[in-house]
Amino acid sequence: MTRIELAPEVLDDFDRFFEPMTRFEVADVFGRLQEILDAVQVLTHSPLIGRPVAGGKRELVIGWGNRGYVALYRYLAEIDTAFVLALRAQRESGFKH
């Protein structure tokens, strides 16, 4: 089973998602954030599921519409680990770090 590691910057991404969710009074904000973490767990069984992007990285599409996010990650087969590097909303252009 592939191990998943979150980069420290991913916490900044969650903070960025949290502010507009609370501003627009989204019900169950923490549940929404948990949905993102739960979706990333697919990498434990299918680490190559994400679409390939530049630099040997991959993007995992999570959900859709206003509940859609993208996780940028790199899978290292030698150590069977997926490193989640950044998260963004699907409606955002590019990753922030």
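Mean projected area of the convex hull spanned by the Cα atoms of the range 13-96, taken over all viewing directions: 5.7 nm².
In the chain, the portion of solvent-accessible area held by carbon and sulfur atoms comes to 57 percent [1.4 Å probe, whole percent, DNA, RNA and ligands not counted]. Using just its DSSP H runs of length 4 or more, each adding -39500 (n - 2.57), the chain gives a mean residue ellipticity at 222 nm of -9000 deg cm²/dmol after division by all residues.
Net charge dipole, the chain: roughly 340 debye, given to the nearest 20, about the Cα centre with Cβ charges of +1 for Lys and Arg and -1 for Asp and Glu. What you get for the range 26-82, charging only the Cβ of Lys and Arg (+1) and of Asp and Glu (-1), is a dipole of about 220 debye around the Cα centre. Annotation: residue 19 carries an accessible surface of approximately 90 Å², with a 1.4 Å probe and no ligand, DNA or RNA atoms counted.
GNM on the chain, alpha-carbon springs under 10 angstrom: the most fluctuating residue among 58, 74, 23 is 23. Computed over the chain with a Gaussian network model linking Cα atoms closer than 10 Å, the most mobile of 84, 26, 40 is 26.
The values are calculated or read from the model by the stated rules, or taken from the named source; none is laboratory data. All figures in this text were calculated on a predicted structure; none of them were measured in a lab. Methodologically, a virtual Cβ is constructed for each residue, glycine included, from the backbone with ideal geometry; neighbour enumeration extends over all protein chains shown. Surface accessibility is based on the protein's heavy atoms, side chains included, excluding ligands, DNA and RNA. Shrake-Rupley method; radii C 1.70, N 1.55, O 1.52, S 1.80 Å.
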